[in-house]
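Just below is one structure, and these are the notes that go with it.
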Amino acid sequence: MEPNRVLLDFQNPIQDAISTIQFAPRSNNLLISSWDSSLRLYDVDNSALRLEAPSEAALLDCCFQDESLALSAGSDGLIRRYDLQSGISETIGKHDDIATNIRYSDQTCQIVTAGLDGKILLWDTRREKCVSFVRNRGSDVVSMSISGFNLIVASGICVYSLDLRNIQKPVQLTDSCMKVPVACVSSVPYTEGFAIGSVDGRVALEIACLDQADDIRYIFWCHPKSKGRRKHLESVNDIVFNPIHHGAFATGDNAGFVSVWDFQSKRRILELPRFPNSVASLSYNCGGQLLAVASSCTYQEAKEREDAPQVFIHVMEEFNPKSFSASSTG
């Protein structure tokens with residue numbers, strides 16, 4: 001195994017596909033949700049599993065509310081909250097169908113969820129109740145991301161934004177420009193903007209740059225390698241922006257590749273050695289020096305490998321993107 005890559009050791013292996021991994025806001029504790037119905041908390045610094053909380057349904061998404069509280073969305077429609085110290089969970093609310101996505105807004109103290117019932121629900125943690133909902137337009141929500149007051153939602157071939165301060169304001173739709181279904185969206189944590197990953201291996205960027213005359217807006221293929229001059233058509237399953245190294249972001253795809261890019265120079269900084277299975281989820285820690293990678297079946301394709309799910313931690317070396325003679329995204 002490469003010296004920069006560490007495989008997390010679980011005493012009881014994860015039994016089914018990993019849906020989401022996420023580092024805590026201020027520590028190197030890693031939250032892991034899985035189709036095996038358990039939510040796990042792993043202490044990366046001490047290589048120890050701190051919590052394994054079983055439930056009655058597959059967990060399709062998870063996130064932190066803060067360092068001591070976590071949230072999950074389940075196939076039974078339930079929205080659960082976990083006390084990470086005691087392991088005790090409570091039900092916040094319920095969708096009328098499978099709950100697929102969950103995020104938390106520090107700005108508004110709201111839990112935002114989406115489900116196959118066609119609803120996006122907002123739960124006020126101060127009032128302990130659902131305060132409003134938006135009827136989803138068109139296809140089911142496949143991905144959500146929050147930065148500040150902006151909620152970015154992917155549905156079908158479209159991406160649209162909602163202002164969490166005025167959720168009932170008419171939704172402004174944004175065409176993904178790729179004319180194929182969107183696989184994931186990710187907000188830039190330090191400026192206005194987002195990245196879109198498509199099912200055919202492309203990434204679209206729309207980022208406001210205050211220090212440049214023009215905003216960044218372009219589309220590129222993650223893996224322009226070809227076999228018989230054919231494009232590498234693998235779904236981009238996740239995109240994460242480095243919170244410290246502004247401009248750097250990572251993509252993970254269904255073929256098991258993870259690449260790190262610089263959106264300002266439009267270049268690939270590095271490509272990690274291929275992972276054993278599809279890349280289901282990615283997460284940077286708060287310091288930007290650790291990248292967690294979930295290598296797992298995603299149930300997207302019949303030909304997917306079904307090896308046991310694994311979680312890797314890649315130690316990112318200090319870098320200056322401009323110093324790399326890397327491949328262009330063009």
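The values are calculated or read from the model by the stated rules, or taken from the named source; none is laboratory data. Just so it is clear, the model here is predicted, and its values are computed rather than measured. Don't worry about glycine lacking a Cβ; one is built from the backbone with ideal geometry, like all the others, and counts go over all protein chains shown. Just the protein is used for accessible areas: all its heavy atoms, side chains included, with ligands, DNA and RNA removed. Shrake-Rupley method; radii C 1.70, N 1.55, O 1.52, S 1.80 Å.
Couplings 3J(HN,Hα) of the stretch 244-259, computed from phi: 10, 8, 4, x, 8, 8, 10, 10, x, 10, 6, 8, x, 9, 10, 10 Hz, in residue order, whole Hz [Karplus 6.51 cos²θ - 1.76 cosθ + 1.60, θ = phi - 60°; x for Gly and Pro].
Go through 108-121, 254-267, 44-57 and give me the packing order, highest mean Cβ count within 10 Å leading.
Details: 108-121: 21.9, 254-267: 20.3, 44-57: 14.8.
Most protected by this proxy first, the peptides run 108-121, 254-267, 44-57.
Heavy-atom accessible surface of the chain, averaged per residue, reaches 45 Å², computed with a 1.4 Å probe. Working ranking of peptides 197-205, 283-291, 35-43 by packing, defined as the average number of other Cβ atoms within 10 Å per residue, highest first, is 197-205, 35-43, 283-291.
Can you give the convex hull volume per residue for the Cα atoms of the stretch 264-304, as a whole number of Å³?
On the way: hull volume 4.9 nm³, N = 41.
Convex hull of Cα atoms, per residue: 119 Å³.
In Å, what Kirkwood hydrodynamic radius results for the chain from the alpha-carbon pair distances?
On the way: mean 1/r = 0.0502 Å⁻¹.
Hydrodynamic radius (Kirkwood, Cα only) of the chain equals 19.9 Å.
Carbon-plus-sulfur accessible fraction, the chain (probe radius 1.4 Å, protein heavy atoms only): 46%.
Computed on the Cα trace of the stretch 61-117, the radius of gyration divided by the Kirkwood hydrodynamic radius gives Rg/Rh = 0.96. Coupling constants for the stretch 190-206 follow from the phi torsions by the Karplus curve (6.51 cos²θ - 1.76 cosθ + 1.60, θ = phi - 60°), and in residue order they are 10, 7, 6, x, 7, 10, 10, x, 9, 6, 9, x, 10, 10, 10, 10, 9 Hz; glycine and proline get x. Here the Karplus relation 6.51 cos²θ - 1.76 cosθ + 1.60, evaluated at θ = phi - 60°, turns the backbone of the stretch 153-160 into coupling constants of 10, 9, 8, x, 9, 10, 10, 9 Hz, with x for every Gly and Pro.
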